[in-house]
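Beneath this line is the structure, given in C-alpha cells, with notes to follow.
Only the coordinates and a few stated rules stand behind these numbers; no lab work does. Remember, predicted model here, so these are calculated numbers, not experimental data. Here the Cβ positions follow ideal geometry from the backbone for every residue, glycine too, while neighbour counts run over all protein chains shown.
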Amino acid sequence: MIRKLLRHVFRRKDTPLPGKAAVIPLGQHGIRREDISAAAGRVCETLQKAGHKCYVVGGAVRDLIAGITPKDYDVATDATPEQVRALFRRARIIGRRFQIVHVMFGPETIEVSTFRAAHDADTLKDEHGRVLRDNVWGNIVDDAARRDFTVNALYYDPSSQTVIDYHHGVADLKQKTLRMIGDPPARFREDPVRMLRAIRLSAKLGLILDPAVRTPIRTMAELIENVPSARVFDEMLKLLFSGHAAECVKRLREEGLHHGLLPLLDVILDQPMGEKFVMLALASTDARVRAGKPTSPGFLFATLLWHEVLANWEARKTKGELAIPALYEAMDEVLDIQGEKLAITRRIAGDIKEIWSLQPRFDKLAGKSPYRLLEQPRFRAGYDFVLLRAASGEVPETLAEWWTEFQDADSERRAAMLVPESGPKKRRRTRSRKTSEAPTEPGTGTT
Ligand code: ATP
Ligand code: MG
C-alpha cells in the first residue's frame, strides 16, 4: 500500500510518460544497470541529476536484449545540445543535418541526441522527399516515432532498469521480426539509407524482414542514388565490417539492392570465379571482425574490385598493350568508375592500388625479385590477397604455398627455393622487366 502510494507520488513528481508506452521491467528484458558501459551510465546519471530525462537508446538496447555486446552507445535526452555540452568536460557538438553531442570518457564516446520532433510540412526535404535538416526538438513520443525500426526505438532507463517501448519493439525482437515504424515506403523516401540498414540489421540479428518492409525495397532501391555518396560509403563500410558481410551481401542480392548501388557487385557476383573470390574475402573479413582483429577497408575493396580489374586488364592485353602499364590503366579506370559512386577516399584508393600493383610481382620466383617483394611494407596485405586468389582458383595453390614457405624460410632454404634463371637472354629480360616494374615501387604507383 505504502509502496503503491510512494510510486504514485514518485511518478507524479517525475512527470508521467507521455503517450501510451509499455514500461518493461528488468525481469522481462534482462538488462541490468551494470550491463551498460560505464560511460553510458555516467552520461545518464549526470543528465538525470541535472533534472533531464535521459535514456540509453537504439542499437545498444536492442543488442543487449538480443544477447549481443553493443558496438557503441547512443543516449537520448530532453536536454538541448548546448545543455548537454555544458554538463561534461569533454563534449562537442557535431553534425548539421542532425546535431548531436559526442561525450568522451576515456576511450569511449557516447553519442547524445536531443529528442527530435515529428516531421511536418516545414521539414526541409529535397525533391525526392529526402529529409535535409532535422534539428527541431520534441518529446520522447515524437523521438520514438521518428526512429526507423521498432527494435531500434527502445529506451533504457538505468536508474529504474526499465525499458520504455512505444512500438512493441521488445515483442518484435523476441519474434525475430524487423518492422518499420510508420509507413515503410514513406520512411524509405525520407531516408533511402534505411533500406541498407534493414539489410544490415536483419543479417546481424538474424531477423526476418516484415513483408511491408521487404516489398517496397525492390521498387525503391534506386532512390539510394540521390543520397550523398559519402553517406552511402559510410553505410557500406558499416555493412562490410559488421562481422556479417557475407550474409549482408547475400541479402542485398536477394532484395535486388546491389544493382546500381554497388555496380561492382553487379558485375562481379555474376562471374562464377568473381563470386567465389568475393565471398571468400567477405568470409575472411567477417572472421577477422568477430575475432576482434584489425581490418582494412583498402584490402576489402581491393578484393571486391579485383575481378573488374582483371577483366579490364585482360581486354587491354588482348589489344596489345604492355602488361604492367595496362594494369595501371585498368586500376585507374575501375577506381574512377566505382569511386564516383562510392566516394572511396583518396587514402583508401591508394591502399587498394598498392595491393593490386604488388600482384604481378608474386609471379616472379627467380633472382632478387622475391627478396625485394618481402621488404615491401605492404607485403603482408599483398600476400593475404594471393592466398584468396589461390583459394578461389585464380592462381595455383602451389604459388600461395611457395610464398607461405619462402617468407619464413632461412636463407639457405630460400636460395634453394628460387626458380633458376638461365642464360644471358633471361638476364636481359630481367633488366627490361625491372624498368617496367619501376612504377610498382610503393609511393610511385599510388595516389
Ligand atoms: P549499430 O550501432 O549496431 O550499427 P544502430 O541501430 O545503433 O546500429 P546507429 O547508426 O548507431 O545504428 O543509430 C542509432 C539509433 O538511431 C538507431 O538505433 C535508430 O533508433 C536511430 N537511427 C539511426 N539511423 C536512422 C535512420 N536513418 N532513420 C531513423 N532512425 C535512425
Ligand atoms: Mg549504435
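Show me the ranking of peptides 301-312, 83-94 by mean Cβ neighbours inside 10 Å, starting with the highest. Before the final figure, lay out each step's value.
Working: 301-312: 23.1, 83-94: 15.1.
Top to bottom by mean Cβ count within 10 Å: 301-312, 83-94.
Using a cut-off of under 20 Å, list every residue of segment 192-210 whose amide N is near the label point 7 Å from the Cα of Glu254 along the Cα-to-beta-carbon line.
Under 20 Å, as judged by backbone N against the label point of Glu254, lie 194-210 of segment 192-210.
In segment 148-171, which residues have a backbone nitrogen under 13 Å from the label point lying 7 Å from Leu26's Cα in the Cα-to-Cβ direction?
Under 13 Å, as judged by backbone N against the label point of Leu26, lie 157-163 of segment 148-171.
Calculated FRET efficiency, Glu225 and Glu421, Cβ-Cβ r, R0 60 Å, to nearest 0.05?
Values: r = 53 Å, r/R0 = 0.88.
It comes to 0.70.
Show me 165-172, 206-213 ranked by packing, highest mean number of other Cβ atoms within 10 Å first. Mind showing how you got there, number by number?
Details: 165-172: 21.1, 206-213: 16.4.
Going from most to least packed, we get 165-172, 206-213.
Could you sort 318-324, 41-47, 148-154, 293-299 so that the peptide with the highest average Cβ count within 10 Å comes first and the rest follow in order? Write out the running numbers ahead of the final one.
Details: 318-324: 11.6, 41-47: 20.4, 148-154: 26.1, 293-299: 16.0.
With the highest mean Cβ count within 10 Å placed first, the list reads 148-154, 41-47, 293-299, 318-324.
What does the charge count around Ala212 come to, taking other residues whose C-beta lies under 12 Å from its C-beta (Lys +1, Arg +1, Asp -1, Glu -1)?
Details: positive: Arg179, Arg187, Arg214; negative: Asp183, Asp210.
Once positives and negatives cancel, what remains is +1.
With an 8 Å Cα cut-off and a minimum separation of 6 or more residues, compute the relative contact order for segment 1-181 in percent.
Numbers: 316 pairs, mean separation 42.6, N = 181.
Once divided by the residue count of segment 1-181, the mean separation gives 24 percent.
Please compute the modelled spin-label separation between Glu375 and Ala391, points set 7 Å along Cα→Cβ, answer in nm with one decimal.
For the pair Ala391/Glu375, the computed spacing is 3.1 nm.
Please find the FRET efficiency linking Glu321 to Ala38, where r is the Cβ-Cβ separation and R0 is fixed at 35 Å, and quote it to the nearest 0.05. Intermediate values should be presented prior to the final figure.
Details: r = 59 Å, r/R0 = 1.69.
Result of the calculation: an efficiency of 0.05.
Distance cut-off 26 Å, Cα to Cα: go down the list Lys176/Lys238; Lys174/Lys204; Lys71/Lys293; Lys53/Lys293; Lys20/Lys204; Lys238/Lys293 and report the pairs above it. Before the final figure, lay out each step's value.
Working: Lys176/Lys238 21 Å; Lys174/Lys204 15 Å; Lys71/Lys293 15 Å; Lys53/Lys293 38 Å; Lys20/Lys204 30 Å; Lys238/Lys293 16 Å.
Beyond 26 Å between Cα atoms: Lys53/Lys293; Lys20/Lys204.
Would segment 230-419 count as rounded, prolate or oblate if I go by the C-alpha gyration tensor, calling it rounded below 1.5 in a/c and otherwise prolate when a/b exceeds b/c, oblate otherwise?
Values: a/c = 1.94, a/b = 1.46, b/c = 1.32.
Prolate shape, in that a/c is at least 1.5 and a/b is the bigger ratio.
With a/c under 1.5 counting as rounded, go ahead and sort segment 1-181 into rounded, prolate or oblate using the C-alpha gyration tensor (a ≥ b ≥ c being the square roots of the eigenvalues; past the cut-off, prolate if a/b is larger than b/c, else oblate).
On the way: a/c = 1.37, a/b = 1.20, b/c = 1.14.
Rounded, since a/c falls under 1.5.
What spacing in nm lies between the two simple spin-label points modelled at Thr404 and Ile208, each 7 Å away from Cα in the Cβ direction?
With each label point 7 Å from Cα toward Cβ, the separation is 4.2 nm.
Within straight cross-link reach of Lys319, meaning Cα distance under 14 Å, which aspartates and glutamates are found once same-chain residues fewer than 8 apart are removed?
Excluding near neighbours in sequence, the set is Glu329.
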